[in-house]
1. If only one of Lys300, Lys295 is modelled with pLDDT under 80, within 22 Å of Arg39 (Cα to Cα) and surrounded by 14 or more Cβ atoms within 10 Å (Cβ to Cβ), which one is it?
2. Can you pull out the residues in the range 100-137 that are touching a residue at least 60 places away in the same chain (Cβ under 8 Å), part of a helix (DSSP H, G or I) and more than 18 Å from Pro280 (Cβ to Cβ)?
3. Could you list, in sequence order, the residues of the range 17-28 that are in a helix (DSSP H, G or I) and under 23 Å from Leu181 (Cβ atoms)?
4. Which residue, of Ile90, Ile148, is part of a helix (DSSP H, G or I) and not small (Gly, Ala, Ser)?
5. Being within 24 Å of the chain's Cα centre (by Cα), surrounded by fewer than 15 Cβ atoms within 10 Å (Cβ to Cβ) and of a type in the set (Ser, Thr, Tyr) is true for just one of Ser85, Ser145. Which residue is that?
6. Need the failing condition index for Ser263 against (1) in a helix (DSSP H, G or I); (2) at pLDDT below 80, just the number.
7. Every residue in the range 162-178 that is outside any loop (DSSP other than H, G, I, E, B), modelled with pLDDT of 80 or more and either of a type outside the set (D, E, K, R) or surrounded by 15 or more Cβ atoms within 10 Å (Cβ to Cβ) (or both), please.
8. Counting only residues that are farther than 9 Å from Ser83 by Cα and either without any contact (Cβ under 8 Å) to a residue 24 or more places away in the chain or in contact with a Leu (Cβ under 9 Å, 6 or more places away or on another chain) (or both), how many does the range 25-36 have?
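The values are calculated or read from the model by the stated rules, or taken from the named source; none is laboratory data. Not measured: the values here are computed from a predicted model. As a convention, Cβ positions derive from the backbone with ideal geometry for all residues, glycine included, and neighbour counts pool all protein chains shown.
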Amino acid sequence: MSNCTTVTDFLLLGFSEVQKLQILHSVVFLGIYLSALVRNLLVIIIVVVDHHLHTPMYFFLMNLSILDLGSISVTVPKSMANSLSNTKSISYSGCIAQVFLFIFFAAVDFAFLTIMAYDRYVAICQPLHYETIMNRGACVQMAASAWISGIIYFMQIGKIFALTFCGGNKVNQFFCEIPQLLKITCNDSYLSEIVITSFLFFLGLSCFAFIIVSYVQIFKAVLRIPSERGRHKAFSNCLPHLIVVSLLVCTATFAYLKPTSSSTSGLDLAVAVLYSVVPPVINPAIYSMRNKEIKGALRKLTAGKLFKKNKISRFLP
């Protein structure tokens with residue numbers, strides 16, 4: 001405890017010590033960020049202006065795109081700026097903002113992925129009752145619950161900054177990640193790590209279990225479809241969702257539940273990219289851009305037809 005000092009900033013891990021490689025990293029991250037920005041903004045705009053897409057599924061997809069934009073904007077721009085300016089520093093308040101906002105967006109994002117699994121379950125397993133179950137009130141309540149779940153995570157994560165830091169100010173990650181911050185606290189971080197990660201794991205595992213159960217029921221229903229074309233269409237809509245969720249859960253579990261010294265910084269860096277940078281880029285392509293209705297709306301948008309007869313949806317007050 002005698003070595004404890006007041007931390008005013010943190011040093012983030014760079015992707016390379018070579019200036020040219022730092023610039024390359026900035027260019028790659030810029031391309032990734034712009035791709036995520038354009039794709040998610042397109043989804044949001046299309047769903048808002050095309051009244052044919054004012055349905056529960058696209059309402060949830062629009063929320064997911066908003067969250068993906070927020071999530072990737074919390075981490076990637078700062079990493080790019082550090083590489084371009086040849087620095088690793090992030091202020092204490094900036095680190096706090098990254099931790100709180102990233103966890104908030106990630107938690108709400110996962111909640112919406114869970115809701116989308118339920119939406120697909122109702123659509124495929126109970127099609128005759130879909131409009132009754134997924135009515136406007138139910139959709140608004142589910143969306144509100146998802147956003148509130150992020151606030152619950154937000155409040156729990158606040159405990160990390162009640163700790164003091166004396167293990168230096170170097171964070172072995174390209175953004176302020178909780179496991180890396182716990183490694184440099186003055187206090188015995190083991191108990192804090194157990195409490196925080198257990199809470200995150202319990203809620204995350206509960207959502208993942210619900211998703212798996214939903215898809216088991218979906219696959220059972222799909223296998224009973226007599227048409228091979230119908231089975232193929234159902235599987236093509238559901239499998240990508242399950243793959244993305246599994247990738248997110250596996251990489252986040254590795255990052256947050258592994259022992260703090262059990263892997264190299266390079267591996268930690270790669271895993272962090274997989275769960276924080278990749279999903280916001282691929283989610284629009286998997287959930288939206290492959291969809292015929294979205295493609296049709298995109299063609300109308302580029303032709304300027306969507307703005308001529310825009311109507312306000314009952315799902316988008």
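1. Going through Lys300, Lys295 in turn, the sole match is Lys300.
2. Correct list: Ala117, Tyr118, Asp119, Arg120, Tyr121, Ala123, Ile124, Cys125, Arg136.
3. If the condition is that a residue be in a helix (DSSP H, G or I) and under 23 Å from Leu181 (Cβ atoms), then His25 is the only one that fits.
4. Ile148
5. Values: Ser85 fails: within 24 Å of the chain's Cα centre (by Cα).
Result: Ser145 is the single residue among Ser85, Ser145 that is within 24 Å of the chain's Cα centre (by Cα), surrounded by fewer than 15 Cβ atoms within 10 Å (Cβ to Cβ) and of a type in the set (Ser, Thr, Tyr).
6. Checking Ser263 against (1) in a helix (DSSP H, G or I); (2) at pLDDT below 80, the one that fails is (1).
7. Narrowing the range 162-178 to residues outside any loop (DSSP other than H, G, I, E, B): 162, 165, 170-171, 178.
If we keep only those that are modelled with pLDDT of 80 or more as well, we get 170-171, 178.
Hits for the range 162-178 are Val171, Ile178.
8. The first filter runs over the range 25-36 and keeps only residues farther than 9 Å from Ser83 by Cα, leaving 27-36.
If we keep only those that are either without any contact (Cβ under 8 Å) to a residue 24 or more places away in the chain or in contact with a Leu (Cβ under 9 Å, 6 or more places away or on another chain) (or both) too, we end up with 27-28, 31, 34, 36.
Of the residues in the range 25-36, 5 are farther than 9 Å from Ser83 by Cα and either without any contact (Cβ under 8 Å) to a residue 24 or more places away in the chain or in contact with a Leu (Cβ under 9 Å, 6 or more places away or on another chain) (or both).
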